[in-house]
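Notes for the one structure printed next.
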Amino acid sequence: MENCKKMLEAGLAELNLALNDKQIGQLLAFIALIEKWNKAYNLTAIRDKEAMVSLHLLDSLAVAPFITGQRIIDIGTGAGLPGIPLAIYYPDFAFTLLDSNAKKTRFVQQAILELKLGNVHVCHHRTENYRPETRFDTVITRAFAELSDIVEMTAHLLTPDGVLLAMKGHAPDVPVAAGTSTLIPVKVPGIDAARCLVKIGGLGQG
C-alpha cells in the first residue's frame, strides 16, 4: 500500500489538491475495501490497487474544482465513484450517492460506515423516479449514459442555479439541446486516455 500512497500523493500534487493525512488514509482504505469486496460483488473491472489510484481516486478528484454548491448527487455511483473520493475531499458538503443496483449500494453503505463519512447518504433508486425533498446544486455522473439521456433523467434533480457535470472520455459528438454547455478538458495523473467534463447549466426547474 506504500506505493499506492506515493502515487496518490504525487497525483494530488499534480492536481494541486491539498488533503490531510486522515483524508489520504480514507482514500487508501476505500480502494482496499473495493479490492476486498470486488470478488463477491463485481464492483469494478479494475483489480489492481495501483491502477485504482489513477483510474478511480485521481480520476474522481480531478473534477473537484468544478463542484458547485454544497448539495451534490452522484448518479449511477456504482462502487461510490466519484462520490466517495469527492466526499472525502469536501467533508463539509452533503453528498447523495444513487444507484439502482442493490449490491453496489450495499457496498457503498458499508464503505461509508467503515470510512466514517458523516456527509454521505446512499440511495437505492432509479434516477428518473427519484424525487428528493430538496434538490441539488450539482448533479455528477461518471460513465453513466449518453449525454442526452443524462440530461433528460437528471434535470428534475437540480436547483434553478444548479449544474450538471458529466464525466466523459472523448468529447461527445452530440450537442446538448437544453441548457448551456461547456466542454472542459481534464488531465488525470497516470492516465494517458482522453478525459473531459461536460458542464451544463440552465437545466434546473424553478
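The values are calculated or read from the model by the stated rules, or taken from the named source; none is laboratory data. Just so we're clear, the structure is a prediction, and the values are computed from it rather than from any experiment. Here Cβ is always computed from backbone atoms with ideal geometry, including for glycine, and neighbour counts include all displayed protein chains.
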Problem - Condition met for Val174 (at pLDDT below 95, among the hydrophobic types (A, V, I, L, M, F, W, C) and assigned to a loop (DSSP other than H, G, I, E, B)) - result: yes
Practice task
Could you pull out the residue among Glu14, Glu2 that is modelled with pLDDT under 95 and over 18 Å from the mean Cα position of the chain (by Cα)?
Solution key: Glu2
Handout entry: Filter result (modelled with pLDDT of 90 or more and outside any loop (DSSP other than H, G, I, E, B)) within the stretch 177-200
Key = Ile184, Pro185, Cys196, Leu197, Val198, Lys199, Ile200
Practice task
Scan the stretch 82-107 residue by residue and report those that are surrounded by 20 or more Cβ atoms within 10 Å (Cβ to Cβ) and more than 18 Å from Val53 (Cα to Cα).
Solution key: Phe95, Thr96, Leu97, Leu98, Asp99, Lys104, Thr105, Phe107
Practice task
Output the residue which, of all residues in the stretch 112-170 that are of a type in the set (S, T, N, Q) and in a helix (DSSP H, G or I), is surrounded by the most Cβ atoms within 10 Å (Cβ to Cβ).
Solution key: Thr154
Practice task
Keeping to the stretch 30-42, report how many residues are surrounded by 15 or more Cβ atoms within 10 Å (Cβ to Cβ), within 15 Å of Leu115 (Cβ to Cβ) and either at pLDDT below 90 or charged (D, E, K, R) (or both).
Solution key: 1
Exercise for the section: Could you please tell me which pairs satisfy a Cβ distance under 6 Å, a separation of 6+ or placement on different chains, a first residue in the stretch 84-102 that is under 19 Å from Ala145 (Cα atoms), and a second residue that is of a type in the set (S, T, N, Q) and surrounded by fewer than 24 Cβ atoms within 10 Å (Cβ to Cβ)? Expected result: Asp99/Thr105
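Matching residues to (1) closer than 21 Å to Trp37 by Cα; (2) more than 14 Å from the chain's Cα centre (by Cα); (3) at pLDDT 95 or above:
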residue: Asp92; (1), (2), (3): no, yes, yes
residue: Leu98; (1), (2), (3): yes, no, yes
residue: Lys103; (1), (2), (3): yes, yes, no
residue: Gln110; (1), (2), (3): yes, yes, yes
residue: Cys123; (1), (2), (3): yes, yes, yes
residue: Phe136; (1), (2), (3): no, yes, yes
residue: Phe144; (1), (2), (3): no, no, no
Exercise for the section: Could you give me the residue pairs with C-beta distances under 7 Å whose first residue belongs to the stretch 180-197 and is hydroxyl-bearing (Ser, Thr, Tyr), whose second residue is at pLDDT 90 or above wherever it lies, and which are 6+ apart or on separate chains? Expected result: Thr180/Ile200; Thr180/Gly201; Ser181/Val198; Ser181/Lys199; Ser181/Ile200; Thr182/Lys199
Fill in the blank from the handout: Just one listed residue, out of Ala94, Ala64, is of a type in the set (Gly, Ala, Ser) and farther than 21 Å from Leu113 by Cα, and it is Ala64
